[in-house]
Amino acid sequence: MTDNAAYEVPSAGGLFRDAQRYAQASSPASRQPTDTGAQASAQPSRQSLNIGAQNVRVTQFTAVGLTRARNDFLHTLLDSTFKAQTFQQVLHESREAAGKLQALGIAKQVNVALDKGPHDGVRVVFRCEDGSR
């Protein structure tokens, strides 16, 4: 991940469908060759990167817009996210935690963003709209 890159996860479903689209769009088979011959060999070869299988570690969590949840509750809710070992697991566990916040009525809407965190880790950012409780 680059310093300024953030991966936005949709707030309602479609997570794995979006990840599949990303993987298909970045795969070499999906790209049409634009040039042949000597010019093609002069261009650097591109390799696809399966971000779902990349080993990552969550090092930081931020909740923006949540005023009715205690930090210890959020840490308990995100325990499995902190234990995730791959990018795909982090995405899945983050979405599960966001769904629980919505199901409990703590947040009406939760957008999850993953960004570069401290110590070569990943920061999970929840942008929330407070719920009815």
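Against the list (1) open to solvent by 70 Å² or more (accessible area, probe 1.4 Å); (2) part of a strand (DSSP E or B), the condition VAL124 fails is (1).
The set of residues in the stretch 85-111 being in contact with a helix residue (DSSP H, G or I) (Cβ under 8 Å, 6 or more places away or on another chain) and open to solvent by 70 Å² or more (accessible area, probe 1.4 Å) consists of GLN88, GLU96, LYS100, LYS108, GLN109.
When ALA69, ALA98 are screened for being in a loop (DSSP other than H, G, I, E, B) and either more than 20 Å from GLY52 (Cα to Cα) or in contact (Cβ under 8 Å) with a residue 12 or more places away in the chain (or both), only ALA69 passes. Test PHE16 against the stated conditions and say whether it is at pLDDT 90 or above, closer than 25 Å to VAL110 by Cβ and aromatic (Phe, Trp, Tyr). In short, no. For ALA69, the stated conditions hold: it is open to solvent by less than 50 Å² (accessible area, probe 1.4 Å) and not basic (Lys, Arg).
When residues in the stretch 96-118 are screened for being of a type in the set (Lys, Arg) and at pLDDT 95 or above, 0 of them pass.
The values are calculated or read from the model by the stated rules, or taken from the named source; none is laboratory data. Remember, predicted model here, so these are calculated numbers, not experimental data. As a convention, Cβ positions derive from the backbone with ideal geometry for all residues, glycine included, and neighbour counts pool all protein chains shown. Protein only, heavy atoms only, side chains kept; ligands, DNA and RNA dropped before computing areas. Shrake-Rupley method; radii C 1.70, N 1.55, O 1.52, S 1.80 Å.
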